[in-house]
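Trainee: Handing you a structure now.
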Amino acid sequence: MARKIKGFKRGEIVYAQGDLAKSVMYLQEGGVQLSVVNQAGKEAVVAILGPGDFFGEGCLAGQSVRMGSATAITPSTVLIIEKNEMFKVLHQQHTLSDRFISFMLARNIRIEEDLIDQLFNSSERRLARTLLLLARYGKEDKPHGLLPKISQEMLAEMVGTTRSRVNFFMNKFRKLGFIRYNGGLQINTSLLSVVLHD
């Protein structure tokens, strides 16, 4: 089957590092974590994806195996499109093609911003930016606010700092009213002041 929709439970693997790369995924509902494990067994979280995000697109550029793993972090619905079908769809369906190109350009910009963030910003500012990105701040398709369950260890990996530093900053953000725990982690847009403040 060239295209299929598949449901994944929380914690279920969508694909594993080293699997053959034969399809592109489009996340319709839920959340997916992309991670990579090095030869020493250390895992790094590369991205947290939400509805409307593509992943696994490396196969379109000649990637034969998956460079990392994709795991559902909430119950998720994924549209799986085989590589050859994706090429066909990109040529025939201009709406999907435009959406895919926009997504790839936005992701490229975000990767550049992530690199600049790692090189020049404090861990406090990187954490604030990561929380805003996870809350999908600035995305029209989804209101920002409540985050899927995410551990401080995972945040530390994403920010490039220790769990104890993340804990310290999370407590500080909570006391300042930037975040609150109310049936999940809720992000206030005022957290943006931490990112913009010099």
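Trainee: For segment 46-57, enumerate the residues that are open to solvent by less than 20 Å² (accessible area, probe 1.4 Å) and either closer than 16 Å to residue 18 by Cα or of a type in the set (Lys, Arg) (or both). Break it down into steps so the answer makes sense when it comes.
Mentor: The initial filter retains those residues of segment 46-57 that are open to solvent by less than 20 Å² (accessible area, probe 1.4 Å), namely 47, 49-50, 53-56.
Of everything in segment 46-57, those that are open to solvent by less than 20 Å² (accessible area, probe 1.4 Å) and either closer than 16 Å to residue 18 by Cα or of a type in the set (Lys, Arg) (or both) turn out to be 55, 56.
Trainee: Taking segment 162-198, which residues are open to solvent by less than 40 Å² (accessible area, probe 1.4 Å), within 22 Å of residue 111 (Cα to Cα) and at pLDDT 85 or above?
Mentor: If the condition is that a residue be open to solvent by less than 40 Å² (accessible area, probe 1.4 Å), within 22 Å of residue 111 (Cα to Cα) and at pLDDT 85 or above, then 166 is the only one that fits.
Each row is one residue, and each column tells you yes or no for (1) part of a helix (DSSP H, G or I); (2) under 28 Å from residue 162 (Cβ atoms); (3) touching a helix residue (DSSP H, G or I) at 6+ places or on another chain (Cβ under 7 Å); (4) touching a residue at least 60 places away in the same chain (Cβ under 8 Å).
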position	(1), (2), (3), (4)
44	no, yes, yes, yes
58	yes, no, no, no
80	no, no, no, yes
91	yes, no, no, no
103	yes, no, no, no
128	yes, yes, yes, yes
131	yes, yes, yes, yes
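Trainee: Please enumerate the residues belonging to segment 143-159 that are out of contact with any Asp or Glu (no Cβ under 9 Å at 6 or more places or on another chain), at pLDDT 80 or above and open to solvent by 40 Å² or more (accessible area, probe 1.4 Å).
Mentor: 151, 152, 153
Trainee: Right, here's the next one. Take residue 28 and decide whether it is polar (S, T, N, Q), at negative phi, open to solvent by 70 Å² or more (accessible area, probe 1.4 Å) and assigned to a strand (DSSP E or B). Full working, then the answer.
Mentor: On the way: polar (S, T, N, Q): yes; at negative phi: yes; open to solvent by 70 Å² or more (accessible area, probe 1.4 Å): yes; assigned to a strand (DSSP E or B): yes.
So residue 28 fits the description; yes.
Trainee: Do any residues in segment 161-185 that are assigned to a loop (DSSP other than H, G, I, E, B) have Cβ atoms under 7 Å from those of residues that are open to solvent by 70 Å² or more (accessible area, probe 1.4 Å) and among the hydrophobic types (A, V, I, L, M, F, W, C), where the two are at least six apart or on different chains, and which pairs are they?
Mentor: Once the first residue is assigned to a loop (DSSP other than H, G, I, E, B) and sits in segment 161-185, its partners that are open to solvent by 70 Å² or more (accessible area, probe 1.4 Å) and among the hydrophobic types (A, V, I, L, M, F, W, C) give 184/146.
Trainee: Could you list all residues from segment 60-78 that are under 19 Å from residue 4 (Cα atoms), out of contact with any Asp or Glu (no Cβ under 9 Å at 6 or more places or on another chain) and outside any strand (DSSP E or B)? Even if it seems obvious, please write down each step before you answer.
Mentor: Just the residues of segment 60-78 that are under 19 Å from residue 4 (Cα atoms), to begin with: 60, 70-72, 75-78.
Subsequent filtering for residues that are out of contact with any Asp or Glu (no Cβ under 9 Å at 6 or more places or on another chain) retains 60, 70.
Matches in segment 60-78: 60 only.
Trainee: Also, quick follow-up: Name the single residue, out of those in segment 1-25 being open to solvent by 90 Å² or more (accessible area, probe 1.4 Å), in a strand (DSSP E or B) and of a type in the set (Lys, Arg), that is modelled with the highest pLDDT.
Mentor: Just the residues of segment 1-25 that are open to solvent by 90 Å² or more (accessible area, probe 1.4 Å), to begin with: 1, 3-5, 9-10, 13, 20, 22.
Imposing the further condition that a residue be in a strand (DSSP E or B) reduces the set to 3-5, 13, 20.
If we keep only those that are of a type in the set (Lys, Arg) as well, we get 3-4.
On the way: 3: 90, 4: 95.
By that ranking, first place goes to 4.
Trainee: Pick from 63, 93: which is open to solvent by 20 Å² or more (accessible area, probe 1.4 Å), within 26 Å of residue 114 (Cβ to Cβ) and either in contact with a strand residue (DSSP E or B) (Cβ under 6 Å, 6 or more places away or on another chain) or not charged (D, E, K, R) (or both)? Don't jump to the end; show me each part of the working.
Mentor: Numbers: 93 fails: within 26 Å of residue 114 (Cβ to Cβ).
The unique qualifying residue is 63.
The values are calculated or read from the model by the stated rules, or taken from the named source; none is laboratory data. Note that this is a predicted model, so its numbers are computed, not measured. Here Cβ is always computed from backbone atoms with ideal geometry, including for glycine, and neighbour counts include all displayed protein chains. Calculation scope for accessible area: heavy atoms of the full protein, side chains included, ligands and nucleic acids excluded. Shrake-Rupley method; radii C 1.70, N 1.55, O 1.52, S 1.80 Å.
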